[in-house]
Amino acid sequence: MSRDAAASWGGPAKAFHWVMALLIFVQIALGLMAANWHLSPTQIRLFFWHKSIGMLILALLALRLAWRLASRAPALPADMPVWERAAARASHALLYLLMVALPVTGWIVNSAANIPFRIFYLVPLPAIVAPDKALSDGVAWVHRGLFVVLALVLLAHIGAALRHHFVKRDDVLARMLPWRTR
């Protein structure tokens, strides 16, 4: 099933979800390692992969949003309280916002630091701001703050999915699992 159905997410939505989830967790690991590594060729390589994957996530997000606008999401369980529905919508909106804001702030940091960059050694990433050390340093703090918010929202997202599965025993998590077809 390629389009999202009333009972379960479709194949493309599941693929976007799980591929992007994997990339985000790789991104978190790379970012933490790069930020804490001593200045060396290894640190430069870690930042290279962190930046490249960040731009990949941004590109995949554009495709994911296009798919999401073209297909219906499965309905939430009928017995889900209003506050829980609102929390689900808000947390998903915040996740999408963070998936835009983190790569864009990273791009601003890179541009303001005047560091030429080619995504995966292939695609030149144009500067989106003029070189400015103060801007680079300031936006780097914003980037780190957004990471903390992302970590908290991811914990809430995963916790909510596990709560639905193990406590509420509904199909909210199951319908996003890649091996479930209906």
Response to the item:
Restricting region 124-151 to residues that are over 21 Å from the mean Cα position of the chain (by Cα) and part of a helix (DSSP H, G or I), the one surrounded by the fewest Cβ atoms within 10 Å (Cβ to Cβ) turns out to be A134
Worksheet item: Restricting attention to region 34-78, and to residues there that are closer than 24 Å to A127 by Cα and among the charged types (D, E, K, R), which single residue is surrounded by the most Cβ atoms within 10 Å (Cβ to Cβ)?
Response: K51
Item to complete: Could you please give the count of residues in region 28-87 that are more than 26 Å from V172 (Cα to Cα), part of a helix (DSSP H, G or I) and aromatic (F, W, Y)?
Response: 3
Response to the item:
Only unsatisfied item for Y121, checking (1) part of a helix (DSSP H, G or I); (2) in contact with a Phe, Trp or Tyr (Cβ under 9 Å, 6 or more places away or on another chain); (3) not hydrophobic (A, V, I, L, M, F, W, C), is (1)
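No lab work stands behind these numbers, since they all come straight from the coordinates. In this text the structure is predicted, and so the values were computed from the model without any measurement. Backbone-built Cβ (ideal geometry, glycine too); neighbour counts: all protein chains shown.
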